[in-house]
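What follows draws every value from the coordinates through simple rules; no lab data is involved. Note that the coordinates shown come from a computational prediction; the quantities given were computed from them, not determined experimentally. Using ideal geometry, Cβ is built from the backbone for each residue, glycine included, and neighbour counts are taken over all protein chains shown.
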Amino acid sequence: MTSAANSNGPTVHASAVRVGDRAVLIRGPSGAGKSRLALELILAGRSGQLPPAVLVGDDRVLLTNRGGEVIVRPAPELAGLIEVRGLGIRRCDYVTEATVSLIVDLCAADGARLPEPESLTATLFGVDLRRIPVLEGFSALPLIAAYILTTSGLSDEDVPADCRKGIRNHISPTIATK
């Protein structure tokens with residue numbers, strides 16, 4: 001995943017969008033839809049479906065560990081640029097850095113209807129982060145929206161106790177889940 005270094009360190013093949021006050025890091029093979037998902041997140045933020053969202057970087061980003069948090073920045077030569085399939089490279093508002101709170105892996109072999117708990121985390125630069133593995137051909141936006149809307153934003157604070165009891169969401173148990 002790490003590639004050519006520039007004056008700011010190595011870049012990784014990924015896109016990132018700050019949603020609210022935390023970033024979603026989008027990984028996947030070339031052509032998996034990283035740029036499209038980044039644009040979908042930005043549009044969902046602008047329409048009020050998600051907290052405000054702004055591009056951090058598209059295609060290549062810089063990642064570092066700063067004080068136990070993963071920080072993402074745009075590759076300088078790509079800052080403010082996003083690929084829109086069918087329109088080409090476009091200019092877009094962007095932020096210069098954000099703290100990563102969620103990783104979305106597109107075309108993930110371990111994506112599943114009911115994923116194993118160990119597939120829902122990833123370690124990056126020594127930091128454990130929440131992860132959403134998305135099978136090829138599935139839309140990631142509803143999964144990200146569900147994650148954000150069924151937890152307290154992109155943080156783990158104030159997660160209802162039921163989430164920790166193996167139900168895997170904050171919906172109250174019903175006769176079907178007992």
**Request:** List every residue whose amide H lies under 5 Å from the amide H of V56, counting only residues 5 or more places away in sequence or on a different chain, with H placed 1.01 Å from N in the peptide plane.
**Result:** A16, V17, R18, V95
**Asked** Once label points are set 7 Å from the Cα along Cα→Cβ at both E116 and H13, what is their separation, rounded to one decimal in nm?
**Response** 2.6
**Item:** 5 angstrom amide H check on I132, placed H, neighbours 5+ away
**Value:** I103, V104, D105
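Please order D21, D58 by the number of other Cβ within 10 Å, starting at the fewest. Provide the component values of the computation, followed by the final result.
On the way: D21 13, D58 28.
Lowest to highest Cβ neighbour count: D21, D58.
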